[in-house]
Amino acid sequence: MKKLTSIAMTMLLALMPMNLAFAGDPSATINISSKSAILMDVGSGQILYEKNAHDKLPPASVTKVMTMLLICEALDAGKIKLDDKVQISENAASMGGSQIFLEPGETQDINTLLKGIAVASANDGCVAMAEHIGGSVEAFVDMMNKKAQELGMKDTHFANTNGLPVDDHYTSAHDIALMSRELLKHETIHKYLTTWMDKVVVGKKQATIGLANTNKLIKHYQGATGVKTGFTQQAKYCLSAAAKRGETHLVAATLGAETSPERFKDATDLLNYGFANYESVKLCAKDDNVATLTLDKARDNKVNLVAKESLTALIKKGSNKDFTKKIKVYDNPQLPIKKGTTLGKLEIYKDKKLVGQVDLVNTKDINKASYLQMLQRVIDNML
């Protein structure tokens, strides 16, 4: 099932002008005061600017991007629901720093805990969710590191769920952009990341706690979509900031700023540069019907393959280039096949260079044909 076979002729897509962006562009005259920084296109993963982007540094509460990502994956997989109740442990309630003042023995729904993490950077909420999903904090941290490996985060090692100072806990601006990009794919998290102010009711006495988003760009930057701030004395001021205008969705990550205003200025300058010079072209939308796969031994021998997620390409404003599209499918997949299985890829090329790709999946279960169906097909072919 690993072998790829082309099932479509290469097609020229004169969609829009295109010019690939790259790090170190001389036009990127941006003065960044943070120790490290990166600007990445959410849709394609292309890097538009970087400064010491692979330096391994403490991320403080930006760690919670990964914590929220694993929560969202569990929600999307149906393993947990937003109204599920979570019992708060002594360990979770003992977390210092930013918190929503959870008490040992109380129960909270996941909606409240996720809101606390996304809006108010709740350390206690992170530990409570880690214990609920992973069974223990240690097991959940193992899940975080495994996910980091899957995403290609080579500069990262997590030692806790919330970014409180601890040895052997580090990441890079590049890896923060990668996990932020992945988090932003989950529609569930959007309302939490973009909430400016809210409140939660916590504790056995049902106290109302006001929440204010630690990411000030949510209120002050056009199109802001998240993601997370962080601060410790060791890490200094850190930020993952994303914004979307039209089809163009960008994320700027900064680490090690000396002051909070500096991190927001750096992120703002990076995002402004990106929106001023680039735009995204949607090549296909999620669930677009891209190809038809023929399986002789399947009950339904014509199978529609759709894009697993939207695919965009980043273009530099004012340039003119062409795209080439190739559709590939796996050869002789083994039956039966569950709905949502990756059975191929849509690839986009420019000048023979791969610039974007998306998995193609089936929209329903694929079962083996019965003996009578196979016999009838043989007869039909003979006739």
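The values are calculated or read from the model by the stated rules, or taken from the named source; none is laboratory data. No experiment lies behind these values; they were computed from the predicted model shown. Cβ: placed from backbone, ideal geometry, glycine included. Neighbour counts: every protein chain shown.
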Selection from region 182-198 of residues under 17 Å from the mean Cα position of the chain (by Cα) and assigned to a loop (DSSP other than H, G, I, E, B) yields LEU184, LYS185, HIS186, THR194
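When you look at LYS205, is it without any contact (Cβ under 8 Å) to a residue 24 or more places away in the chain, assigned to a strand (DSSP E or B) and surrounded by fewer than 23 Cβ atoms within 10 Å (Cβ to Cβ), yes or no? Show your work before the answer.
Working: without any contact (Cβ under 8 Å) to a residue 24 or more places away in the chain: yes; assigned to a strand (DSSP E or B): no; surrounded by fewer than 23 Cβ atoms within 10 Å (Cβ to Cβ): yes.
No.
Quick check on region 290-302. Is at least one of its residues in a strand (DSSP E or B) and assigned by TED's automatic domain parsing to the domain that holds HIS54?
In the first step, residues of region 290-302 are kept if they are in a strand (DSSP E or B); the result is 290-294, 298, 302.
Now restrict to residues that are assigned by TED's automatic domain parsing to the domain that holds HIS54: none.
The answer is no; no qualifying residue exists.
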Would you mind finding the one in GLU347, GLU309 that is free of Cβ contacts under 8 Å to residues at least 40 places away in the same chain and within 22 Å of the chain's Cα centre (by Cα)? GLU347
Looking only at residues that are hydrophobic (A, V, I, L, M, F, W, C) and not in a loop (DSSP other than H, G, I, E, B) in region 221-241, which one is farthest from SER280 (Cα to Cα)? PHE231
Hey, does region 268-275 have a residue that's in contact with a Phe, Trp or Tyr (Cβ under 7 Å, 6 or more places away or on another chain) and without any contact (Cβ under 8 Å) to a residue 60 or more places away in the chain? yes
Report whether or not SER94 is out of contact with any strand residue (DSSP E or B) (no Cβ under 9 Å at 6 or more places or on another chain) and hydroxyl-bearing (Ser, Thr, Tyr). yes
Can we say PHE140 is of a type in the set (Phe, Trp, Tyr) and buried (at least 19 other Cβ atoms within 10 Å of the Cβ)? yes
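Restricting attention to region 294-304, does a residue exist that is surrounded by 19 or more Cβ atoms within 10 Å (Cβ to Cβ) and touching a Cys at 6+ places or on another chain (Cβ under 7 Å)?
Applying the first criterion (surrounded by 19 or more Cβ atoms within 10 Å (Cβ to Cβ)) to region 294-304 yields 295, 298, 303.
Checking the rest, the ones that are also touching a Cys at 6+ places or on another chain (Cβ under 7 Å) come to none.
Within region 294-304, not a single residue is surrounded by 19 or more Cβ atoms within 10 Å (Cβ to Cβ) and touching a Cys at 6+ places or on another chain (Cβ under 7 Å).
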What's the total number of residues in region 277-329 that are modelled with pLDDT under 85, of a type in the set (Gly, Ala, Ser) and more than 25 Å from ALA243 (Cα to Cα)? 1
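Looking at ASP83, is it of a type in the set (D, E, K, R), crowded, with 16+ Cβ neighbours inside 10 Å and either in contact with a strand residue (DSSP E or B) (Cβ under 7 Å, 6 or more places away or on another chain) or not assigned by TED's automatic domain parsing to the domain that holds LYS216 (or both)?
On the way: of a type in the set (D, E, K, R): yes; crowded, with 16+ Cβ neighbours inside 10 Å: no; either in contact with a strand residue (DSSP E or B) (Cβ under 7 Å, 6 or more places away or on another chain) or not assigned by TED's automatic domain parsing to the domain that holds LYS216 (or both): yes.
For ASP83, the condition - of a type in the set (D, E, K, R), crowded, with 16+ Cβ neighbours inside 10 Å and either in contact with a strand residue (DSSP E or B) (Cβ under 7 Å, 6 or more places away or on another chain) or not assigned by TED's automatic domain parsing to the domain that holds LYS216 (or both) - is not met.
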How many residues are part of a helix (DSSP H, G or I) and farther than 25 Å from TYR273 by Cα when one looks only at region 47-77? 15
Apart from one, (1) surrounded by 16 or more Cβ atoms within 10 Å (Cβ to Cβ); (2) more than 21 Å from THR229 (Cβ to Cβ) all hold for ALA122; the odd one out is (2)
Restricting region 159-170 to residues that are touching a residue at least 40 places away in the same chain (Cβ under 8 Å) and out of contact with any His (no Cβ under 8 Å at 6 or more places or on another chain), the residue that is surrounded by the fewest Cβ atoms within 10 Å (Cβ to Cβ): PRO165
From the list MET144, MET179, MET153, exactly one residue is touching a residue at least 24 places away in the same chain (Cβ under 8 Å) and in a loop (DSSP other than H, G, I, E, B). Which is it? MET153
Cβ contacts < 9 Å: first residue over 10 Å from LEU295 (Cα atoms), restricted to region 329-340; second residue of a type in the set (Asp, Glu) and in a loop (DSSP other than H, G, I, E, B), any location; separation 6+ or different chain. Result? PRO336/ASP365; ILE337/ASP365; LYS338/ASP365; LYS339/ASP365
Which members of region 335-366 meet the condition of being assigned to a loop (DSSP other than H, G, I, E, B) and either modelled with pLDDT under 85 or basic (Lys, Arg) (or both)? LEU335, LYS338, LYS339, ASP351, LYS352, LYS364
The number of residues in region 242-280 that are over 18 Å from the mean Cα position of the chain (by Cα), buried (at least 24 other Cβ atoms within 10 Å of the Cβ) and outside any helix (DSSP H, G or I) is 2
